[in-house]
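Below you'll find the structure, written out as structure tokens, and then a few comments.
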Amino acid sequence: MIDRAVRIGMIGCGTQANVHFEAIKELTEQIATVAAVCDLDDERLAAACQIWPQARSAKDYHEMLSPGDLDLVIVATMPNTHEAMSLASLEAGANVLCEKPFMMNATEAQNVLAKAETAGLRVQLGTNMRYMPSSQYLHSLIEGGRIGTPVYAKAWGCHDYPPVWGPHYHLATSGGGVLASTLVHTLDLAMWIGGSPNPLTVSAATNKLFPGKRGPKVDAKIHERYDAEDLLSAFVRFDNGAFYSLEGNWCSEAKDYHSFELTTTKGTVTGTPFTVKVDVEGDIIDQTPALDGEDDWFKSVHTQDAALIGKLRAGEAWALQDARQLLNLQKIVDACYESARSGREVVL
């Protein structure tokens, strides 16, 4: 239990960090405050210090962490730094909220989760979409068995242009392209709403369409570093008998959005657009409810941060995601890449 404002450190002060900054400001300084900020970029660091003038600042995250006075560290950098930063934060006595993608591979994920368990601290991946009103409703609906048992899902994450505003396209930095950086969001949501089953086998294929597609619109320097997959298809079998198909495309002419569709023994639900359709005595009945609140992505980050900070203050567990779920997600990502490289199904 924490009977004062939760002291937060931010490693990485870019776009996503600023969403967190807004969420923390909304809670008021009596509930939480950013006590330390870290970024290699002078301009981003200076901007963060303007928002949080009382916070200490550093370019080296070890220096930021050294006083050991932080309750929570948010890691909002690229995945190639996540393991080291998360381990250092845990070593300094702080709980960790790490943005997606979690780690570069399952070994790194296991290292961080093991350290957190040994230290008695919490680690969560930034799964803010779980906090959206429709996600909460669908999770409760499926968990309660009201529309049968999940049997199949498809999840997709597509852009009409690659997200070249960050180095997600560079494997050594991101750990993966459209799967690790984009599709992982809706895959996590579909798995969680579907009961968080354990994956058994994975088969996948990938391709790189850039620069044959979209190349003329992108800076030549990005061409030189762009080596990640931007097209993926995968098939995953789970231990509850369900199977999922996955699609990721950064150069899509057909769709530019992320969503999932989950089929059960009695109906079908979708994330975007939010729908619930059920077989009732042979008729297809639309049972989509009107929900309080909108599925706003930025608001879901605010809801997530408020929930995690509130539980820290109350001394309660972060129960919306556990280590098994987090590791399963990483294992599927790893297995997709292994299957695509080998041309064979991967057994987990």
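What to note about this one:
- Matching helices (runs of 4 or more DSSP H) fully within region 44-152 where at least 1 residues are in contact with a Gly (Cβ under 7 Å, 6 or more places away or on another chain) and in contact (Cβ under 8 Å) with a residue 60 or more places away in the chain: 133-143
- Just one of the numbered conditions (1) more than 18 Å from the chain's Cα centre (by Cα); (2) buried (at least 20 other Cβ atoms within 10 Å of the Cβ) is not true of residue 13: (1).
- Residues (buried (at least 16 other Cβ atoms within 10 Å of the Cβ), of a type in the set (S, T, N, Q) and closer than 30 Å to residue 144 by Cα) located in region 192-222: 196
- Residue match in region 27-39 (condition: under 23 Å from the mean Cα position of the chain (by Cα), crowded, with 17+ Cβ neighbours inside 10 Å and in a helix (DSSP H, G or I)): yes
- Among the numbered conditions (1) under 23 Å from residue 277 (Cα atoms); (2) touching a Ser or Thr at 6+ places or on another chain (Cβ under 9 Å); (3) surrounded by fewer than 18 Cβ atoms within 10 Å (Cβ to Cβ), the only one that residue 165 does not meet is (1).
- Set side by side, the residues 256, 188, 239 differ, and just one is charged (D, E, K, R), surrounded by fewer than 21 Cβ atoms within 10 Å (Cβ to Cβ) and either closer than 26 Å to residue 98 by Cα or at pLDDT below 95 (or both), which is 256.
- All of (1) within 21 Å of residue 138 (Cα to Cα); (2) part of a helix (DSSP H, G or I) hold for residue 244 with one exception: (2).
- Screening the candidates 304, 287, 330, 325 for the property of being over 21 Å from the mean Cα position of the chain (by Cα) and either on the phi < 0 side of the Ramachandran plot or not charged (D, E, K, R) (or both) yields one hit, 287.
- Residue within region 87-95 that is surrounded by fewer than 15 Cβ atoms within 10 Å (Cβ to Cβ), under 30 Å from residue 332 (Cβ atoms) and of a type outside the set (A, V, I, L, M) present: yes
- Scanning region 201-241 for residues that are among the hydrophobic types (A, V, I, L, M, F, W, C) and part of a strand (DSSP E or B) turns up 202, 204, 205, 231, 232, 234, 235, 236, 238.
The values are calculated or read from the model by the stated rules, or taken from the named source; none is laboratory data. As the structure is a computational prediction, the values presented were derived from the model and not from experiment. Note that we place each Cβ from the backbone using ideal geometry, even for glycine, and neighbour counts take in every protein chain shown.
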